[in-house]
Amino acid sequence: PVQDGGTVQIYRISLTGGISFAPILSGERSCLPIAIGRDRLIFALSTHHDPEQLASADLEGGDEQMLTALNQSVVAGWDTPTVERLLFASSDGEQVEGWIMLPETGNAPYPTVLYIHGGPHSGFGHIFHFDFRMLCSAGYAVLFINQRASTGYGDRFATQIKGDWGNLDYQDLMAGVDYAIKKGYVDGNRMGVCGLSGGGNLSCWIVGQTDRFKAAVPENPVTNWVSFYGVSDIGPWFAVEQLGGHPHEIPEVYARCSPITYTHRCKTPTLLIQGEADWRCPAEQSEQFYTVLKVNGCPVEMLRLPNSPHAGAIVGPKAIRKAQNDALLGWMKQWV
């Protein structure tokens, strides 16, 4: 599969001779190969409105046939939000892509949740997201943006934040928020922000830079690069790759790029959601952020998910996923 902007396409790539590649399955959706036979390809596909189905096509991408109609009776009873593509200029003129999912009920401008993807080298787009649908069904618009560091837009776009986390990525997100407000979709006085992993990092970063959001729900975030270097299962290489050196070599970069440096300024009510078996972004990352908020009088709570790994709220047991859903929606309802 090849990510192209907000789509995931299946390409044919030559293994011999000159460079040769071309998409065989594309469109505004995500296509993920499952198996290749002598004359057929089996793949999974997902859209904003359908979690996942199995389909097949010939090896040229033709004769596409649906193989499943999973959860058809359930999906038929759901509301149907609309999704609008956004393309806007960031602070430095870079074109950035995003989307906004608008609830079926209510009227614009909507209370809105800025939902930030993790990675940071990944992306949002044409694929189903349970949290988006939950928030949208509760009356919130969901704004999701492929900010700087996202994949699908070339190497330069994906690597521009190295050594400078919290700058261009933050500017892209704020430009997207401003654009969606200007378009009339978003109520700028009723906004929340959330995200997991790299999205948790940016959620923590944002509330240390601005008070424009009424609520924040960072999940399994990176908050302190110095301690992350020592406790994360990827710390010693990921921190060096992303920031440009070891902590003793560039302490000023580690401090400048750490949300914890600015946490004392935060006034945004914040709910931290933390998997207790997360070795990628261990619990001490949330604990540090929680402590500084608490000491400085900011409304803050923490939900601990027992035995839950880094992505437990996405792929873990139903009880864990429900706890995360209930907490996220509850916090937005309380403050936004």
ask   = With r defined as the distance between the Cβ atoms of residue 85 and residue 212 and R0 fixed at 22 Å, what FRET efficiency is calculated, to the nearest 0.05?
value = 0.40
note = For 268, 68, the accessible-area ranking with a 1.4 Å probe, largest leading, is 68, 268
request  = Keeping all protein chains in place, calculate the accessible area per residue for the chain (probe 1.4 angstrom), answer in Å².
outcome  = 44
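Only Cα pairs under 8 Å and at least 6 apart count here; give the relative contact order of the range 182-281 as a rounded whole percent. Can you show the working numbers first?
Working: 163 pairs, mean separation 33.2, N = 100.
Over the range 182-281, the number comes to 33 percent.
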request  = On the full set of protein chains, 1.4 Å probe, figure out the accessible area of residue 34 and give it in Å² to the nearest 10.
outcome  = 110
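For 214, 294, what's the largest-to-smallest order of accessible area, 1.4 Å probe?
On the way: 214 85, 294 115 Å².
Heavy-atom accessible area, descending, gives 294, 214.
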query = Helix 168-182 versus the longest principal axis of the chain: what angle, 0 to 90°, nearest 10, using Cα atoms?
reply = 80
ask   = Once label points are set 7 Å from the Cα along Cα→Cβ at both residue 304 and residue 74, what is their separation, rounded to one decimal in nm?
value = 3.1
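With a cut-off of at most 16 other beta carbons within 10 Å, and DSSP calling the residue loop, which trypsin sites (Lys or Arg not before Pro) in the range 98-199 qualify? Please list them.
Values: sites: 133, 148, 156, 162, 182, 183, 190; in loops: 148, 162, 183.
When the trypsin sites (Lys or Arg not before Pro) of the range 98-199 are filtered for loop state and at most 16 Cβ neighbours within 10 Å, 162, 183 remain.
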ask   = For labels at residue 252 and residue 162 in the simple 7 Å Cα→Cβ model, what's the distance in nm?
value = 2.1
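Rounded to the nearest 20 debye, what is the charge dipole size of the range 235-284 about its Cα centre when +1 sits on each Lys and Arg Cβ and -1 on each Asp and Glu Cβ? Don't skip to the answer; put the middle values down first.
Working: 4 positive and 6 negative charges, 63 e Å.
Value, rounded to 20: 300 debye.
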key: Label-point separation in nm, residue 231 to residue 13, each point 7 Å along Cα→Cβ   = 3.7
query = Heavy-atom accessible area of residue 140 with all protein chains present, probe 1.4 Å, nearest 10 Å²?
reply = 10
task = Mind running the shape call on the range 203-336? Use the C-alpha gyration tensor, a ≥ b ≥ c as the square roots of the eigenvalues: rounded below 1.5 for a/c, prolate if a/b tops b/c, oblate otherwise.
result = oblate
ask   = Going from most exposed to least, what order do 321, 29, 12 have by accessible area with a 1.4 Å probe?
value = 12, 321, 29
ask   = Expressed as a rounded percentage, what relative contact order does the chain have, with Cα pairs under 8 Å and six or more residues apart?
value = 12
Relative contact order for the range 116-163, counting Cα pairs under 8 Å that sit 6 or more residues apart, in percent = 39
key: Identified option (computed mean projected area of the Cα convex hull in nm²; candidates [x] 15.2; [y] 29.8; [z] 18.6)   = [z]
task = Kindly express, to the nearest 10 degrees and within the range 0 to 90, the angle between helix 318-335's C-alpha long axis and the longest C-alpha principal axis of the chain.
result = 60
request  = Summarise the accessible area of the chain (1.4 Å probe, protein heavy atoms) by the percent that is carbon and sulfur.
outcome  = 54
ask   = Using modelled backbone amide H atoms (1.01 Å from N, in-plane), which distant-in-sequence or interchain residues come within less than 5 Å of residue 275's amide H?
value = 220, 305
note = In degrees, nearest 10, the alpha-carbon axis of helix 198-209 is tilted away from the dominant principal axis of the alpha carbons of the chain by 40
Whichever lysines have a C-alpha closer than 24 Å to that of residue 294, once near sequence neighbours (fewer than 8 apart) are set aside = 214, 267, 333
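The values are calculated or read from the model by the stated rules, or taken from the named source; none is laboratory data. Quick caveat: nothing in here was measured; it's all calculated off a predicted structure. Note: ideal-geometry Cβ built from the backbone for every residue, glycine included; neighbour counts use all protein chains shown. Surface areas here come from the heavy atoms of the whole protein model, side chains and all, with no ligands, DNA or RNA. Shrake-Rupley method; radii C 1.70, N 1.55, O 1.52, S 1.80 Å.
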